[in-house]
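Here's the structure, in structure tokens; my notes come after.
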Amino acid sequence: MKFSVLLSPLERISRFGDEGRQDNGKIGTYGHLLLFRDRVLAKGYWKKVLDEIKQERRAPPTTFDRKQLAKVKQERVRWETKTLKPWTRVSPEQKEEFRNLSNIPVKRVYTPEDVSHLNQSEEIGLPGEYPYVRGVYPTMYRGRPWTMRMFSGFGTPEDTNKRLHYLLEHGETGLSIAFDMPTLYGYDPDSQRAEGEVGRCGVSVGSLKDMEIILEGIPLEKVSTSMTINAPASVLTAMYVGVAERQGLKPKELRGTVQADILKEYIAQKEWAFPPEAHLRIIRDMMVYCTKEMPQWNYISISGYHIREAGSSAVQELAFTLADGFAYVDLGIEAGLKVEDFAPRLSFFFNCGMDFFEEVAKFRAARRIWARVLRDKYKVKDPRSLLLRTHAQNSGASLTWQQPLNNIVRTTIEALATVLGGTQSLHTNSYDEAWALPSEAAATVALRTQQIIAEETGVTDTIDPLAGSYYLEWLTDEMEERAFQYFDKIERAGGLLDAIKTGFIQREIAENSYRFQQELERGDRVVVGVNKYQIEEKKPIDTLKINEEAQRRQVARINMVRETRDNKKVEQALDELRKTFKDEKANSMYPMVKAVKAYATLGEIMDVGRKIFGEYKEPPIL
């Protein structure tokens, strides 16, 4: 669809995807959201860089001597003829073709020929220097280990507070809070939609009172906290501010991260409350608020994790996550912020699956792409703003309910790949998570896995120890090129928001997931205990159980909050928020903080937005 330059910004926004519009048209947002067509994946830029990358990979050798490369080729041909060929006649390879989980063909052996184009100083560099392939800090884990941040949250706030204290006492160095499904969607625990889900997959939070209990006894000035929340991310951020102020702290003292990556919700996790443009407007408000009031707070954690869990390949995770990241950069620019001021507050959250070298290469390629684009496209000069800092979590999709103790091995392998990939913080999955939320014993094993890797293996003694591997360097380049191919496809699909609203990205993920499932059913891919080496099992482990008591207690608490608060203050605060939502130039975070402090509930605050912005239904993807 083409826009006329005569349309006002709001009119232009309201015509986005006009043919199949599912919201009520009351977007209430700046015209800057046109960036998703006009700026994000800017016309021609991605194809230009893709062509440059292809040319770079065909460039004459720089690091390697031509004569030596000729000898390497001669030796490879001799080996293939004299050694390999007679061997495979007697003992053939297991498959005609080997492909990794991103469906990239993998050769039997890699040599300097495959990476002869590499310019060591420009394309790989050294740790803490552009293009940051080898790590974002000069000393990496020699200076400080990654943050060990176990994802925790279940039942009532009291249950979760107890678990957080337990993990801190056992060596965890950062908190990570999981929320239940009603909280993730922005519903109170007494909502009809919350029935049977309260406290099941995370902790239930209905008001500031719940957050006060979750964080009771935890010194927020000393511990960083990550909150995996998206649609109501602004509300939970406001609650965190409210708790901190009751501890005598100022917002500027707080360290931590809120996910707030709404774009990946439309792509993968499906936990939104409003149409995309409305959520993006609120994220804009949060970016401006946090840049001013919470300078140590990472207000968007751009998440590839859920994209991967939805069935994407590692290449798709890399491409779609970074595309989202560039969208948020443009959002900040159009909100009047300088990239150097807000880019350091953008962090990432990647998955780590079972294809070991692919995962290491993915992290390395991500850092190079991010630094390159911010430097060249956005003209960023401050090195701090070029750094791709990331949290990582092992793949939940790789865990199996069959033979669950095997998951300890899977988690260890994935954690090692994440560390060798250069993560800044890590959550290791518990072996029982295919069955239920982690038990205390299983969570302890998962934490000990990280501690053993950090303290006993020696992999932290040198930085980026796999650098220089012919295969790894080739694969890093290959994943970078394929990511730019996707950036170009997204541009040709009409830009990022159109690519989401028309289902292009979702279809790409679904097709990859279907391909993998077919390979699994044919036996082309093996998952131990699932389609090979099966055994008959009774219930193999004890699991954590959440009973109905959590819902009863949470409903009672939220009713108590409504009865004891100053309801006149609540109505005044919600009315102020309502007016702010209707004013596209206003910042909604300030009245939201005010509403939270007055003990307005999560559902009450989100319902204000639902009435103004309307709802959204995704397009069919089949």
Under 14 Å from the Cα of residue 270 - aspartates and glutamates, other chains or at least 8 residues apart: 261, 309, 615, 618
Length released on extending from residue 441 to residue 590, taking residue separation times 0.36 nm less the Cα-Cα span: 49.5 nm
Dipole magnitude of the stretch 276-341 about its Cα centre (Cβ charges: Lys, Arg +1; Asp, Glu -1), debye to nearest 20: 60
Cα-centred dipole magnitude for the stretch 238-370, charges only on beta-carbon of K, R (+1) and D, E (-1), debye, nearest 20: 360
HN-Hα J in Hz across the stretch 158-172 - Karplus 6.51, -1.76, 1.60, θ = phi - 60°, x for Gly and Pro: 5, 4, 6, 4, 4, 5, 4, 5, 4, 5, 4, 5, 9, x, 5
Above-threshold pairs, the threshold being 18 Å between Cα atoms, out of 47/377; 43/338; 264/617; 48/377: 43/338
Dipole axis of the stretch 231-283 (+1 Lys, Arg; -1 Asp, Glu on Cβ), positive-most option in 251, 232, 272: 251
Å² of accessible area per residue within the chain, as computed with a 1.4 Å probe and no ligands counted: 42
Total formal charge among the other residues, if their Cβ is under 15 angstrom from that of residue 573, Lys/Arg +1 and Asp/Glu -1: +2
Extension reserve of the residue 75-residue 549 stretch, reckoned as 0.36 nm per residue once the Cα distance is removed: 163.6 nm
Kirkwood hydrodynamic radius over Cα pairs of the stretch 209-313, then Stokes diffusion coefficient at 4 °C and 1.567 mPa s, in µm²/s: 90
Net charge of neighbours whose Cβ lies under 13 Å from the Cβ of residue 359, counting Lys and Arg as +1 and Asp and Glu as -1: 0
Packing-based order for 422-432, 90-100, using average beta carbon neighbours within 10 Å, highest first: 422-432, 90-100
Size of charge dipole - the chain - debye, nearest 20, with Cβ of Lys, Arg +1 and Asp, Glu -1, no other charges: 1400
Within-14-Å neighbourhood charge of residue 344 [Cβ basis; K, R +1; D, E -1]: +3
Estimated 222 nm signal from helices in the chain, with DSSP H stretches of n ≥ 4 weighted -39500 (n - 2.57), rounded to 500: -14500 deg cm²/dmol
Contact order normalised by residue count of the chain, Cα under 8 Å, 6+ apart, percent: 21
Dipole of the stretch 558-622, positive end: most advanced residue of 558, 619, 599 [Cβ charges, Cα centre]: 599
Length added when fully stretched, residue 195-residue 65, from 0.36 nm per residue minus Cα-Cα: 40.0 nm
Spatially proximal lysines relative to residue 85 (Cα-Cα < 19 Å; intrachain offsets below 8 disregarded): 73, 95, 107
Cα centroid separation, the stretch 558-572 to the stretch 58-112 (Å): 71
Options 530, 577, 92, ranked by Cα towards positive dipole end of the chain, top entry (Cβ charges): 92
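The values are calculated or read from the model by the stated rules, or taken from the named source; none is laboratory data. Given the structure is predicted, the values throughout are model-derived calculations rather than measurements. Don't worry about glycine lacking a Cβ; one is built from the backbone with ideal geometry, like all the others, and counts go over all protein chains shown. Just so you know, the surface numbers come from the protein's heavy atoms only, side chains and all, with ligands and any DNA or RNA stripped out. Shrake-Rupley method; radii C 1.70, N 1.55, O 1.52, S 1.80 Å.
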